Amino acid sequence: MGALGTAAMTRMEERLPWFRALSAEDRSWIGLVAQAGIAGFVDWFQHAADDRPAPNIEFFGTAPRELKRSVSLQQTVDMVRVIVEVVEAQVEELAAPGGLEQLEQAILRYTRDVAFAAAQVYAREAEVRGAWDARLEALIVDALVRGEVDDGLHSWAAALGWTSSPVVVLAGFAPDDDPHTVIDGLRDRGRRIGLDLLAGVQGDRLIVIVGGADSIKEAARGVVPKFGPGPIVIGPEVPDLHAAARSARAAVAGLRAAPAWPDAPRPVLAEDLLAERALDGDEDARAQLIENVYKPLAGTPLLDTLATYLEQGTSLEATARLLFVHPNTVRYRLRKITELTGYQPTEGRSAFTLQVGLILGRLSGIPAN
């Protein structure tokens, strides 16, 4: 057994580059596993008179758990193959007279059970790792939704292989399927389309974090089919995972406010729900509307023009009469308002957003002049 173990280690050193790259400690542990495997075979083969019961494959427990992280399943298969080759090369010397075929058949049966044992070891490790990854993924999603972002978040994400930017967060309702099935389906989808995905089911809500998409449209196209019925809201694109809390906050706030716009597209941008979010109490949306709508117009005739235009039911002539200006002047000012705010007063949704922004600005105490 000692000679076979030494020969196996020598052969692995010659044949397997990954084995040579291991630390001395890991190579030593593999040597012990190889010795234990050969000893297990000899002990099992000795029970030929007892109709040779099923092999007891326990020698993988010889190695510490850390070794399973250093040696992959494929490498384990390579290692077993080399050991079997070494043993087979010595079959004629090892076999009793007339027992060559019996020994060869025993080696085949034993190595088959070794292969199954190796698969079970790595399957158990994969299950444990998968459960840990799922818990870690849920923690990341929960932390981003609650806005509790620190340096540890990147470490958690790196442990899951996250490397992508920019980042977009989508919020919607989860389908009726089992949450684990939903998350697994999203992971598979992410791998197929080449995007990093983190997802979490929180009650009836599904949160998906997408990294590495070239555009918001691409990010949405890949994951929208995995949501259940109801609105889906896309948060703003942010540069990295650390800033994703802002995108998540907007997406979740948009999902809460989405019922106020029944005809909203699916999915809808959180930016397109600013007015509804503001009315629902979202402080971020209120601040953004004041910043984007009220402040650019404050202290200019544009503010009075907008207020009058909206109060007069978007009537150009009525606005011109009340302001004592020509209708063309009103038209010019409305174009300037569009340039400064990005919202067109003559369009229904934009006019509604401008009206909410105007009201919030007045309530904020910022001087109009």
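Can A298 be described as among the hydrophobic types (A, V, I, L, M, F, W, C) and open to solvent by less than 20 Å² (accessible area, probe 1.4 Å)? Step through it out loud before you land on a result.
On the way: among the hydrophobic types (A, V, I, L, M, F, W, C): yes; open to solvent by less than 20 Å² (accessible area, probe 1.4 Å): no.
It is false that A298 is among the hydrophobic types (A, V, I, L, M, F, W, C) and open to solvent by less than 20 Å² (accessible area, probe 1.4 Å).
Looking at the stretch 185-215 only, could you name the residues that are open to solvent by 50 Å² or more (accessible area, probe 1.4 Å), outside any strand (DSSP E or B) and either β-branched (V, I, T) or under 23 Å from R146 (Cα atoms) (or both)?
Step one: of the stretch 185-215, the residues open to solvent by 50 Å² or more (accessible area, probe 1.4 Å) are 187-189, 191-194, 203-205, 214.
This time we only want the ones that are outside any strand (DSSP E or B), so: 187-189, 191-194, 203-204, 214.
Of everything in the stretch 185-215, those that are open to solvent by 50 Å² or more (accessible area, probe 1.4 Å), outside any strand (DSSP E or B) and either β-branched (V, I, T) or under 23 Å from R146 (Cα atoms) (or both) turn out to be R187, I193, G203, D204.
Give just the number: which of (1) open to solvent by 30 Å² or more (accessible area, probe 1.4 Å); (2) modelled with pLDDT under 75 does A95 not satisfy?
Among (1) open to solvent by 30 Å² or more (accessible area, probe 1.4 Å); (2) modelled with pLDDT under 75, the lone unmet condition for A95 is (1).
Restricting to the stretch 216-246, name every residue that is in contact (Cβ under 8 Å) with a residue 60 or more places away in the chain, farther than 20 Å from T181 by Cα and buried (at least 21 other Cβ atoms within 10 Å of the Cβ).
Selection gives V233, I234, G235, L241, A244.
Just the residues that are at pLDDT 80 or above, farther than 15 Å from T76 by Cβ and not β-branched (V, I, T), please, taken from the stretch 10-45.
Answer for the stretch 10-45, where residues must be at pLDDT 80 or above, farther than 15 Å from T76 by Cβ and not β-branched (V, I, T): R11, E13, E14, P17, R20, A21, S23, A24, E25, S28.
Across the stretch 256-276, what is the number of residues that are closer than 16 Å to G147 by Cβ and open to solvent by less than 40 Å² (accessible area, probe 1.4 Å)? Break it down into steps so the answer makes sense when it comes.
Step one: list which residues in the stretch 256-276 are closer than 16 Å to G147 by Cβ, which gives 256, 270.
Checking the rest, the ones that are also open to solvent by less than 40 Å² (accessible area, probe 1.4 Å) come to 270.
Count: 1.
Identify the single condition in (1) within 20 Å of L32 (Cβ to Cβ); (2) surrounded by fewer than 16 Cβ atoms within 10 Å (Cβ to Cβ); (3) at pLDDT 75 or above that L73 does not satisfy, given that it satisfies every other one.
(3)
Take L340 and tell me if it is under 43 Å from the mean Cα position of the chain (by Cα), assigned to a helix (DSSP H, G or I) and in contact (Cβ under 8 Å) with a residue 40 or more places away in the chain. Full working, then the answer.
Values: under 43 Å from the mean Cα position of the chain (by Cα): yes; assigned to a helix (DSSP H, G or I): yes; in contact (Cβ under 8 Å) with a residue 40 or more places away in the chain: yes.
For L340, the condition - under 43 Å from the mean Cα position of the chain (by Cα), assigned to a helix (DSSP H, G or I) and in contact (Cβ under 8 Å) with a residue 40 or more places away in the chain - is met.
Evaluate the stretch 313-334: report whether one residue or more is under 20 Å from L269 (Cα atoms), among the β-branched types (V, I, T) and either free of Cβ contacts under 8 Å to residues at least 12 places away in the same chain or open to solvent by less than 70 Å² (accessible area, probe 1.4 Å) (or both). Quick ask: steps written out before the conclusion?
Looking only at the stretch 313-334, we keep the residues that are under 20 Å from L269 (Cα atoms), and these are none.
The answer is no, given that none of the residues of the stretch 313-334 is under 20 Å from L269 (Cα atoms), among the β-branched types (V, I, T) and either free of Cβ contacts under 8 Å to residues at least 12 places away in the same chain or open to solvent by less than 70 Å² (accessible area, probe 1.4 Å) (or both).
The values are calculated or read from the model by the stated rules, or taken from the named source; none is laboratory data. The structure displayed is predicted, hence computed values, not measured ones. Cβ sites come from the backbone with ideal geometry, for glycine too, and all protein chains shown count toward neighbours. Surface areas here come from the heavy atoms of the whole protein model, side chains and all, with no ligands, DNA or RNA. Shrake-Rupley method; radii C 1.70, N 1.55, O 1.52, S 1.80 Å.
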